[in-house]
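To keep things clear, I will list the structure first and then write my remarks on it.
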Amino acid sequence: MLKVNVRKQLEQFELNADFELNQEILALIGSSGSGKTTLLNCIAGIVQPDQGEISLNGQAFYQKGQKPLKIQKRKVGYLFQDYALFPHFTVEKNILFSLGRNADLSHVNELTRILGIQKLLLKYPHQISGGEKQRVALARALAAKPDILLLDEPFSALDDATRSRCHDELLRIHELWKIPVILVTHRIADAEELAHRIVRIEKGVMSEQESKQASFL
């Protein structure tokens, strides 16, 4: 379970986040600059809150007055909005970048099969499509077997057909892994199709919305 209760002063307002998340997909919606990505960055350890606490499965990520847990020890999978693939690495090297020498390559092979990217492994990012980049970035985020997955506008640059296929892949991955997923999106349709819970953030204030998948809870 993810537990978040933090405050973070931003330029125009203060972000106040207080929620818990089990093995669900939570969609964060709201206008640009409302605090959505800042919240993801706080969970990942890229940004530190001003006060409060963050924990996952009983392990403290952040607690006021204590040294924050290092990013590499948080077991967080993070798919950035621009995918952040290394242009000089092949697809295979991008996926394996964060893994140690004793990594479970059978797990990585299964990921590439599920996501349908086996034939892309020797290609470079500039040689593949936007939808393919999205799947490669998702494979990289999942390669280290994270305990939580953070997705920042992962479908914003995709056409409708590719977006629908990526939705199916995400739902299949979630069904297999059963880990908390937080999805930041501007598209209400994405939130309604994918999320078990929908939370709106406006100027740092969170409010839970109705979800079509409420029966999951």
Hey, can you tell me all the residues within region 48-62 that are surrounded by fewer than 16 Cβ atoms within 10 Å (Cβ to Cβ) and not acidic (Asp, Glu)? Gln48, Gln51, Asn57, Gly58, Gln59, Ala60
Residue in region 44-57 that is assigned to a helix (DSSP H, G or I), within 15 Å of Ile179 (Cβ to Cβ) and at pLDDT 95 or above present: yes
Consider region 9-58. How many of its residues are of a type in the set (Asp, Glu) and without any contact (Cβ under 8 Å) to a residue 60 or more places away in the chain? 4
Give me the strands (runs of 3 or more DSSP E) completely within region 131-217, filtered to those with at least 1 residues that are in contact with a Lys or Arg (Cβ under 7 Å, 6 or more places away or on another chain) and of a type in the set (S, T, N, Q), ordered by residue number. 205-209
In region 108-158, residue surrounded by the most Cβ atoms within 10 Å (Cβ to Cβ) [restricted to those that are of a type in the set (Asp, Glu) and closer than 24 Å to Ile46 by Cβ]: Asp152
Identity of the residue in region 74-107, in a helix (DSSP H, G or I) and touching a residue at least 40 places away in the same chain (Cβ under 8 Å), that ends up surrounded by the fewest Cβ atoms within 10 Å (Cβ to Cβ): Leu96
Only one residue in Leu26, Leu15 is among the aliphatic types (A, V, I, L, M), part of a strand (DSSP E or B), in contact with a helix residue (DSSP H, G or I) (Cβ under 8 Å, 6 or more places away or on another chain) and closer than 19 Å to Arg200 by Cα. Which one? Leu15
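The values are calculated or read from the model by the stated rules, or taken from the named source; none is laboratory data. Given the structure is predicted, the values throughout are model-derived calculations rather than measurements. Ideal geometry is used to build each Cβ from the backbone, glycine not excepted, and the neighbour counts take in all protein chains shown.
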